[in-house]
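The values are calculated or read from the model by the stated rules, or taken from the named source; none is laboratory data. This one's a predicted model, so the numbers in the text were calculated from it and none came from an experiment. Here the Cβ is made from the backbone with ideal geometry for all residues, glycine too, and neighbour counts use every protein chain on show.
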Amino acid sequence: MWAGVITVQIADYVKEIHGIGISFKMIDVAQRIADERKIENMNFAKTTIFDDRYERESFNVITAFNILHLLEDSKEVIERINELLKPGGLFISETPCLGEKKSVLGAFLFILSKFRLIPYMNSLKFSELEDLLTERKFQIIETEDLQQKQTNYFIVAKKF
């Protein structure tokens with residue numbers, strides 16, 4: 001959740017939203033945005049997707065915006081997402097795929113992350129992200145390179 005900005009934008013189109021994050025500060029910002037806009041079908045929690053409160057096959061849709069490239073074990077997270085989704089449920093993600101195009105910025109960020117000067121950063125390619133999903137029982141429904149320069153990859157996948 002990027003401070004709940006995208007979450008707030010989709011609130012009118014769904015029954016309920018459960019936003020999670022690991023930062024109290026980000027949760028507070030997201031909650032403040034929801035409160036200001038008087039959105040009542042949202043709740044936020046400082047937790048992870050591995051929280052025991054989330055039961056197997058209990059979600060129709062799970063979104064992950066700008067997070068998969070920051071995970072050291074994205075396979076485990078995708079497996080958990082698959083476990084939480086109902087059969088036929090959708091996983092929607094936008095992920096910076098820094099390995100897709102060689103750039104000075106991408107190389108610099110990768111080096112900084114290796115030395116732990118910034119959070120871990122995975123240099124995914126589009127095909128690697130797709131493989132990550134298809135190997136964990138997802139069918140790719142739609143993909144799009146959203147920003148030609150930064151290679152943010154939008155992907156919709158269906159649990160089968």
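Quick look at the numbers
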quantity: Filter result for Ser113 (farther than 23 Å from Thr48 by Cβ and among the polar types (S, T, N, Q)); calculated: no
quantity: Among residues of the range 28-48, those that are in contact (Cβ under 8 Å) with a residue 24 or more places away in the chain, part of a helix (DSSP H, G or I) and closer than 25 Å to His69 by Cβ, counted; calculated: 3
quantity: Residue in the range 74-107 that is nearest to the chain's Cα centre (by Cα), counting only those that are assigned to a loop (DSSP other than H, G, I, E, B) and crowded, with 20+ Cβ neighbours inside 10 Å; calculated: Cys97
quantity: Yes/no for Lys149 being at pLDDT below 85, over 16 Å from Ile78 (Cβ atoms), surrounded by 12 or more Cβ atoms within 10 Å (Cβ to Cβ) and of a type in the set (D, E, K, R); calculated: no
quantity: Exclusive hit being of a type in the set (Ser, Thr, Tyr), under 27 Å from Leu132 (Cα atoms) and modelled with pLDDT of 90 or more, set Thr7, Thr48; calculated: Thr48
quantity: Checklist (1) surrounded by 15 or more Cβ atoms within 10 Å (Cβ to Cβ); (2) over 20 Å from Ala157 (Cβ atoms) applied to Glu40, failing item; calculated: (1)
quantity: Qualifying residue in the range 90-113 (condition: farther than 24 Å from Ile17 by Cβ and touching a strand residue (DSSP E or B) at 6+ places or on another chain (Cβ under 6 Å)); calculated: yes
quantity: Residue in the range 138-160 that is without any contact (Cβ under 8 Å) to a residue 24 or more places away in the chain, more than 24 Å from Val5 (Cα to Cα), in a loop (DSSP other than H, G, I, E, B) and not acidic (Asp, Glu) present; calculated: no
quantity: Count - residues of the range 27-55 that are touching a strand residue (DSSP E or B) at 6+ places or on another chain (Cβ under 9 Å) and of a type outside the set (S, T, N, Q); calculated: 13
quantity: From the options Phe160, Phe154, Phe126, residue that is of a type in the set (Phe, Trp, Tyr), at pLDDT 85 or above, closer than 11 Å to Cys97 by Cβ and surrounded by fewer than 16 Cβ atoms within 10 Å (Cβ to Cβ); calculated: Phe154
quantity: Some residue of the range 36-47 being closer than 19 Å to Tyr120 by Cβ and within 15 Å of the chain's Cα centre (by Cα); calculated: no
